[in-house]
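The values are calculated or read from the model by the stated rules, or taken from the named source; none is laboratory data. Note that the coordinates shown come from a computational prediction; the quantities given were computed from them, not determined experimentally. Virtual Cβ from ideal backbone geometry, glycine too; neighbours counted across all protein chains shown.
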Amino acid sequence: MAVRGWLLALPLLLAACDMDLTDPNNPNESQAIATAAGIKQVAVGLQAEYGNALVNPIYITGLVADEIGAIAQAFESYRNVDAGLPAENNVGTSSETWATMYDVVQDANVLLDNVPNIPNLQPGTTSGIIALAKLFKAMAFGNLLQAFERIPLVVGVEHQDAAFGTREEGLTAVLALLNEARQQLATTPASAEFTSQVLAPGFDLANTIDAMIARYALIAGDLTQALAAAQRVNLNVLSEFRFSANDVNPLWNMWNNSGNAYRMRPEDSFRLQAQPGDMRVGYWVTEAAPPSGQTGSIVPLDEFTKWTLTVGREASFPAYFPDELRLIQAEVLARQNNLGQALVLLNQVRTQCTSTLAEPVACLPALTTADVPTQAALLDAILRERQYELYLQGVAWSDLRRFGKTVKYQYMPVPEGECTRNSSTPQELCRTAGI
């Protein structure tokens with residue numbers, strides 16, 4: 001496993017200055033992570049790094065699940081995934097999510113390895129940082145497991161030939177980290193120092209932990225744990241990653257500011273296949289008619305509403321939407337054959353017309369038991385609501401697999417660099433996807 005220096009996660013601490021080991025005012029790496037101020041800045045940097053890296057699993061999922069399409073000027077690898085052609089392992093569609101999520105894992109490990117030894121940290125600050133690191137490590141592993149069938153779980157300079165766990169082991173590790181993070185906060189609540197000096201504004205740590213437990217327990221098939229965690233989340237709170245003029249929203253940056261090689265746009269099927277009157281369509285996309293519209297590999301492309309060239313530069317991005325938790329509960333109950341209560345939760349999502357939070361609302365009529373008379377029909381309706389409620393949230397590919405729908409690729413191939421460097425990489429995971 002390639003190792004990335006933790007210093008890249010410290011933009012606020014290092015401010016682009018070289019580390020001069022002879023400069024007493026500029027500490028070296030070991031000194032920086034041995035101080036309270038240094039370790040807090042590592043934790044700040046971890047959140048920023050994850051927020052900026054999230055664009056990679058989102059665009060891959062979007063291309064595979066036909067949420068977005070690649071314009072003619074996009075990189076060939078993006079156009080190939082959009083069209084369902086063979087996906088090679090020596091291009092960004094294979095490597096970008098892998099590299100950036102493992103950067104997050106390794107920076108989280110820096111915190112977990114060092115924060116218990118830092119003097120002068122309040123117990124609640126130590127606890128908050130440990131919970132934060134475990135959450136972000138779990139989310140990084142979770143994103144990897146949505147794109148790759150199997151991944152290494154123990155990484156670092158001493159694990160150059162890291163073994164690949166089974167898929168079950170990977171999901172178990174994700175849930176273990178999340179539950180440990182939750183227990184950490186329950187045992188020693190986060191301090192005011194942690195909340196004011198470390199935790200990013202707008203990010204709700206406790207609710208995000210429970211939301212991720214619900215998300216990944218559902219993916220793992222642990223319906224009981226998924227339901228319990230979803231019911232714990234405060235649905236009146238929005239946890240989000242915030243951006244600024246100096247740290248722009250990475251989706252806006254990819255769609256608009258990276259040159260035509262990167263640009264991707266919504267497939268018009270998202271709009272055309274929506275139920276008439278669904279207000280979520282306008283929340284996400286805008287019709288783009290020729291000549292302003294673009295042609296994708298599969299269908300014509302629309303424009304984004306949230307991430308246009310003039311709008312979205314500083315837009316926040318949700319860690320999860322509250323309605324994801326309602327839909328998780330609905331899905332669990334439907335799979336347990338509690339169809340009546342599942343329908344109630346589904347209709348709570350469909351009929352909502354306003355919200356005090358920055359979230360999409362459908363404002364659609366409620367479904368009746370005559371509309372969804374069977375478990376299969378109700379599950380299909382839940383999947384449809386997920387497609388419109390959770391557009392470009394990085395979960396659509398996993399949803400299609402879980403609901404037994406046809407997908408262009410089951411998983412991406414493991415990147416060529418990993419296959420070459422790591423002798424423990426199962427070679428069947430390196431093969432081109434889609435052939």
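The table below lists the values:
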read-out: Matching entry among ARG265, ARG326 (being assigned to a strand (DSSP E or B) and crowded, with 18+ Cβ neighbours inside 10 Å); value: ARG265
read-out: When residues of the range 304-356 are limited to those that are over 19 Å from ASP371 (Cβ atoms) and among the small types (Gly, Ala, Ser), the one nearest to the chain's Cα centre (by Cα); value: ALA319
read-out: Selected residue (only one of GLN275, GLN352, GLN341 is outside any loop (DSSP other than H, G, I, E, B) and over 23 Å from ASN253 (Cβ atoms)); value: GLN341
read-out: Scope the range 208-223; condition assigned to a helix (DSSP H, G or I) and touching a residue at least 40 places away in the same chain (Cβ under 8 Å); matching residues; value: THR208, ILE209, ALA211, MET212, ALA214, ARG215, TYR216, ALA217, LEU218, ILE219, ALA220, LEU223
read-out: Residue in the range 185-203 that is of a type outside the set (Asp, Glu), without any contact (Cβ under 8 Å) to a residue 12 or more places away in the chain and surrounded by fewer than 19 Cβ atoms within 10 Å (Cβ to Cβ) present; value: yes
read-out: Residue check, THR187 over 25 Å from GLN146 (Cβ atoms) and either among the aromatic types (Phe, Trp, Tyr) or in the same structural domain as ALA133 (by TED's automatic domain parsing) (or both); value: yes
read-out: Residue that is nearest to ASN56 (Cα to Cα), among those in the range 150-161 that are out of contact with any Asp or Glu (no Cβ under 9 Å at 6 or more places or on another chain) and surrounded by 18 or more Cβ atoms within 10 Å (Cβ to Cβ); value: ILE151
read-out: The range 180-207: number of residues that are closer than 19 Å to LYS40 by Cβ, of a type in the set (S, T, N, Q) and in a helix (DSSP H, G or I); value: 4
read-out: Residues satisfying the stated conditions in the range 242-255, i.e. surrounded by fewer than 20 Cβ atoms within 10 Å (Cβ to Cβ) and over 18 Å from LEU205 (Cβ atoms); value: SER244, ALA245, ASN246, ASP247, VAL248, ASN253, MET254
read-out: Set LEU144, LEU63, LEU111, LEU46: member being assigned to a helix (DSSP H, G or I) and under 14 Å from VAL414 (Cα atoms); value: LEU144
read-out: Residue that is nearest to GLU168 (Cα to Cα), among those in the range 115-141 that are in a helix (DSSP H, G or I) and of a type in the set (S, T, N, Q); value: SER127
read-out: Which listed residue is surrounded by 23 or more Cβ atoms within 10 Å (Cβ to Cβ) and either of a type in the set (Gly, Ala, Ser) or assigned by TED's automatic domain parsing to the domain that holds ARG232 (or both), from LEU346, LEU390; value: LEU346
read-out: Boolean, ASN337 is under 30 Å from GLU96 (Cβ atoms) and polar (S, T, N, Q); value: no
read-out: Qualifying residue in the range 317-326 (condition: aliphatic (A, V, I, L, M) and in contact with a strand residue (DSSP E or B) (Cβ under 7 Å, 6 or more places away or on another chain)); value: yes
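Each row is one residue, and each column tells you yes or no for (1) surrounded by fewer than 20 Cβ atoms within 10 Å (Cβ to Cβ); (2) assigned by TED's automatic domain parsing to the domain that holds LEU301; (3) at pLDDT 95 or above.
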{"residue": "ALA217", "(1), (2), (3)": "no, no, yes"}
{"residue": "LEU223", "(1), (2), (3)": "yes, no, yes"}
{"residue": "ALA226", "(1), (2), (3)": "no, no, yes"}
{"residue": "ALA230", "(1), (2), (3)": "no, no, yes"}
{"residue": "GLU240", "(1), (2), (3)": "no, no, yes"}
{"residue": "ASN257", "(1), (2), (3)": "yes, yes, no"}
{"residue": "ALA261", "(1), (2), (3)": "yes, yes, no"}
